[in-house]
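Asker: Here it is, the structure in full.
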Ligand SMILES: [Zn+2]
């Protein structure tokens with residue numbers, strides 16, 4: 001009996017292999033590649049993100065405004081109106097045109113928080129900032145960069161759509177997990193910190209300048225995510241100003257707040273694509289910009305840019 005079963009099993013396995021062999025994909029249907037572009041066909045995006053809501057933000061916001069740049073500001077609402085921090089009643093006017101975001105009600109590191117503390121630190125911060133600003137607050141920068149992946153479902157329940165760490169990547173990738181969002185670089189790193197040797201500071205500045213240059217030079221899709229604190233710039237305001245001047249006014253850069261980029265990326269994720277990648281439907285309220293490349297001839301790939309207005313379809317001929 002055992003032998004008969006074994007023979008039957010072998011026959012069944014062979015027939016399965018044969019059936020699969022007959023399902024050959026046509027290569028001509030599988031040579032298109034779809035790439036995200038940022039709004040208005042831009043291939044680069046810049047996020048400038050600052051934590052702690054200290055009084056030096058006043059000078060920082062003025063500089064951003066001077067260069068027509070957008071900032072995302074992460075505040076601890078439990079600390080507002082205390083010495084050294086911005087006041088409740090100036091939030092709306094000071095950060096107008098920029099994004100307000102969370103940094104934990106009391107700036108507590110989040111790795112070892114109990115679930116109820118997580119709920120309090122984020123929920124109370126969100127409730128307070130929304131009440132003061134009259135805006136929806138949807139993002140967070142982890143205090144001290146400290147986070148707990150087990151608490152991510154709780155954060156989602158609290159309406160948090162992105163959360164930034166302080167783990168610099170020195171790269172320009174768009175992250176897969178928006179709730180563990182690693183930035184490109186800390187602006188000027190730890191240059192100027194107490195106890196630093198002059199050569200350490202020099203290295204920090206050089207590393208920052210080099211990464212900025214490679215952002216300008218890259219031809220790939222690139223997100224340059226720069227973060228920092230206005231209180232670090234006491235003796236560096238000239239550098240801040242020079243950096244803002246350097247990155248501002250570029251035609252190929254999408255200047256965005258963090259949440260605006262998240263909205264665009266989520267809209268891209270929701271785009272519906274046919275299996276042969278020739279038909280697209282955009283179910284969002286945002287226009288999408290994509291690039292489709294045909295690699296049939298590997299030596300001579302052909303690209304076309306496609307704009308898909310909100311609620312519309314697009315087709316490409318093959
Ligand atoms: Zn902080």
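The values are calculated or read from the model by the stated rules, or taken from the named source; none is laboratory data. Since the structure is predicted, the reported quantities are computational estimates derived from the model, not experimental observations. Cβ placement follows ideal geometry from the backbone for every residue including glycine, while neighbour counts extend to all protein chains displayed.
Asker: Go through the range 232-257 and give me each residue that's in contact with a strand residue (DSSP E or B) (Cβ under 9 Å, 6 or more places away or on another chain) and surrounded by fewer than 17 Cβ atoms within 10 Å (Cβ to Cβ).
Answerer: 248, 250, 251, 252
Asker: Within the range 219-230, identify whether any single residue is assigned to a helix (DSSP H, G or I), within 16 Å of the ligand (Cβ to nearest atom) and surrounded by 14 or more Cβ atoms within 10 Å (Cβ to Cβ), and answer yes or no.
Answerer: Checking the range 219-230: at least one residue is assigned to a helix (DSSP H, G or I), within 16 Å of the ligand (Cβ to nearest atom) and surrounded by 14 or more Cβ atoms within 10 Å (Cβ to Cβ).
Asker: Can residue 55 be described as more than 30 Å from residue 269 (Cβ to Cβ), modelled with pLDDT of 95 or more and within 16 Å of the ligand (Cβ to nearest atom)?
Answerer: yes
Asker: Moving to a separate point now. Identify the residue in the range 152-182 that is closer than 18 Å to residue 51 by Cβ and outside any loop (DSSP other than H, G, I, E, B) and, among all such residues, is modelled with the lowest pLDDT.
Answerer: Per the stated criteria, the residue is 155.
Asker: In this structure, does residue 250 turn out to be modelled with pLDDT under 95 and either assigned to a loop (DSSP other than H, G, I, E, B) or within 15 Å of residue 37 (Cβ to Cβ) (or both)?
Answerer: Criteria not met by residue 250.
Asker: Go through the residues of the range 264-284 one by one and say whether even a single one is touching a helix residue (DSSP H, G or I) at 6+ places or on another chain (Cβ under 7 Å) and in contact (Cβ under 8 Å) with a residue 40 or more places away in the chain.
Answerer: yes
Asker: Take the residues in the range 26-52 that are part of a strand (DSSP E or B) and closer than 18 Å to residue 228 by Cα, then tell me which one is farthest from the ligand (Cβ to nearest atom).
Answerer: Checked the range 26-52; the qualifying residue farthest from the ligand (Cβ to nearest atom) is 45.
Asker: Out of (1) in contact with a strand residue (DSSP E or B) (Cβ under 9 Å, 6 or more places away or on another chain); (2) without any contact (Cβ under 8 Å) to a residue 24 or more places away in the chain; (3) surrounded by fewer than 22 Cβ atoms within 10 Å (Cβ to Cβ), the odd one out for residue 117 is which?
Answerer: Only one criterion in (1) in contact with a strand residue (DSSP E or B) (Cβ under 9 Å, 6 or more places away or on another chain); (2) without any contact (Cβ under 8 Å) to a residue 24 or more places away in the chain; (3) surrounded by fewer than 22 Cβ atoms within 10 Å (Cβ to Cβ) is unmet by residue 117, namely (1).
Asker: Within the range 65-87, restricting attention to residues that are part of a helix (DSSP H, G or I) and either loosely packed, with under 13 Cβ neighbours inside 10 Å or within 11 Å of the ligand (Cβ to nearest atom) (or both), which residue is modelled with the highest pLDDT?
Answerer: Initial filter on the range 65-87 (part of a helix (DSSP H, G or I)): 65-66, 77-79.
If we keep only those that are either loosely packed, with under 13 Cβ neighbours inside 10 Å or within 11 Å of the ligand (Cβ to nearest atom) (or both) too, we end up with 66, 79.
On the way: 66: 98, 79: 95.
Here the residue is 66.
Asker: On to the next question. Among the residues of the range 167-195, which ones are surrounded by 15 or more Cβ atoms within 10 Å (Cβ to Cβ) and farther than 30 Å from residue 292 by Cα?
Answerer: Of everything in the range 167-195, those that are surrounded by 15 or more Cβ atoms within 10 Å (Cβ to Cβ) and farther than 30 Å from residue 292 by Cα turn out to be 168, 185, 186, 187, 188, 189, 191, 192.
Asker: Out of all the residues in the range 100-136, which are within 30 Å of residue 66 (Cα to Cα) and more than 16 Å from the ligand (Cβ to nearest atom)?
Answerer: Residues satisfying the conditions are 126, 128, 130, 131, 132, 133, 134, 135, 136.
Okay, residues lined up against (1) within 16 Å of the ligand (Cβ to nearest atom); (2) out of contact with any strand residue (DSSP E or B) (no Cβ under 6 Å at 6 or more places or on another chain):
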{"residue": "140", "(1), (2)": "yes, no"}
{"residue": "143", "(1), (2)": "yes, yes"}
{"residue": "146", "(1), (2)": "yes, yes"}
{"residue": "150", "(1), (2)": "no, yes"}
{"residue": "159", "(1), (2)": "no, yes"}
{"residue": "165", "(1), (2)": "yes, yes"}
{"residue": "172", "(1), (2)": "no, no"}
{"residue": "184", "(1), (2)": "no, no"}
{"residue": "193", "(1), (2)": "yes, yes"}
